[in-house]
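First the structure, in the form of structure tokens, and then the observations on it.
Just so you know, all these numbers are worked out from the coordinates, no wet-lab data involved. Quick caveat, the model's predicted, so the values are computed rather than measured. Here the Cβ positions follow ideal geometry from the backbone for every residue, glycine too, while neighbour counts run over all protein chains shown.
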Amino acid sequence: MNSANSGSLREAVAVAVLGGALGAAVGRPIGLAVPFGVVGATNGAISGWRQIYDRSCSNGLIAFTLDSTWALPMTAAGLVTHVVAAVTRESGYDASLSERQNRHVYRRGFMPRRGFAITVGNVVSGAGDTSLARRQRLVTDHENVHVWQARWFGPFYPVLYGSWMLLGGGAGMVVWLTRRRSDQFTKVVESCTYYINPFEWWAYSRANHWPPSGKVAGLGWRRPAVRPLR
């Protein structure tokens, strides 16, 4: 075993043990020490082997701690996308966008919508041709925002995101019926459910891409939510 693989193995074991311990500690009060511990250890083993957590600054420690505790349900969902990537032909794991970046990036893998990247927990899938600068920026400036949203909001993240989609879908139908008959129905509903979703507004703004080209003009937020990264 060469020194690089030896280092990866040591880190995988160490992060798995720590992740499992943190997960078990969080799950114990609610009687879920074993499943939570398994999730924490599995994420630790994969993430440690691939050396995704940045040890040079506090962000890496924060990311690992949240992934193993508060955001553990999202981390568990992310493990499912690892499984999908494992059975997907040429899923294209991109180490250059993952190592010490506090995330996993696949060029393909789990892709429920063609042409759109998706982030589940600390895993970005469907990044596309990451040799292109614009696809790299999609990961670093947009999808990475979702990685941290999942960490900060933890178990509330899918609830809040999904609730907005449901309510936005209903609102979009009302808007189309009462105010925007000239616009395509699906575009109006998509704008209300997806593009003006506060989590997406935040991510698109961070990527300096607000408003996005797919959003129906005049619907939703007019100004960016936050300053762009570049």
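Data for the structure
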{"quantity": "Gain upon complete extension [THR88, PHE116; 0.36 nm per residue less C-alpha separation]", "calculated": "8.4 nm"}
{"quantity": "Gaussian network model of the chain, springs between alpha carbon atoms under 10 Å - residue of LEU177, LEU32, LEU61 with greatest fluctuation", "calculated": "LEU177"}
{"quantity": "Net length gained if the chain between ARG230 and THR178 were fully extended (0.36 nm per residue, minus Cα distance)", "calculated": "14.8 nm"}
{"quantity": "Most mobile listed residue (ALA133, ALA71, ALA12) in the chain, GNM with C-alpha springs under 10 Å", "calculated": "ALA133"}
{"quantity": "Two-decimal Rg to Rh for the stretch 3-154 - Kirkwood Rh, Cα set", "calculated": "0.97"}
{"quantity": "Intensity falloff of the stretch 82-219 expressed as log10 I(q)/I(0), Debye formula with alpha-carbon point scatterers, at q = 0.10 Å⁻¹", "calculated": "-0.36"}
{"quantity": "Summed residue charge, Cβ within 13 Å of GLY214's Cβ, Lys/Arg positive, Asp/Glu negative", "calculated": "0"}
{"quantity": "Residues with amide H under 5 Å from that of VAL123, placed H, sequence gap 5 or more", "calculated": "HIS104"}
{"quantity": "Value of [θ]222 nm, deg cm²/dmol, for the chain, DSSP H segments ≥ 4, -39500 (n - 2.57) each, nearest 500", "calculated": "-17000 deg cm²/dmol"}
{"quantity": "Rounded to whole Hz, the Karplus (6.51, -1.76, 1.60) HN-Hα couplings of the stretch 87-96, x for glycine and proline", "calculated": "9, 8, 5, 6, 5, x, 5, 9, 5, 5"}
{"quantity": "The stretch 116-191 shape via C-alpha gyration tensor axes, a/c threshold 1.5", "calculated": "oblate"}
{"quantity": "Peptide ranges 98-104, 184-190 listed from the most packed, as the mean C-beta count within 10 angstrom indicates", "calculated": "98-104, 184-190"}
{"quantity": "For TYR93, residues with placed amide H under 5 Å, excluding near neighbours", "calculated": "ARG107"}
{"quantity": "In order through the stretch 150-155: 3J(HN,Hα) via Karplus (6.51 cos²θ - 1.76 cosθ + 1.60), integer Hz, x for Gly, Pro", "calculated": "4, 6, 5, 8, x, x"}
{"quantity": "Protection proxy ranking, peptides 109-118, 196-205, average beta carbon neighbours within 10 Å, highest first", "calculated": "196-205, 109-118"}
{"quantity": "Alpha carbon centroid spacing (whole Å) that separates the stretch 124-152 from the stretch 42-61", "calculated": "17 Å"}
{"quantity": "Stokes-Einstein translational diffusion, the stretch 155-230 - Kirkwood Rh over all Cα pairs, 1.002 mPa s, 20 °C, in µm²/s", "calculated": "169 µm²/s"}
{"quantity": "Extension gain (nm, one decimal) between LEU61 and ARG137, 0.36 nm per residue minus Cα-Cα", "calculated": "25.0 nm"}
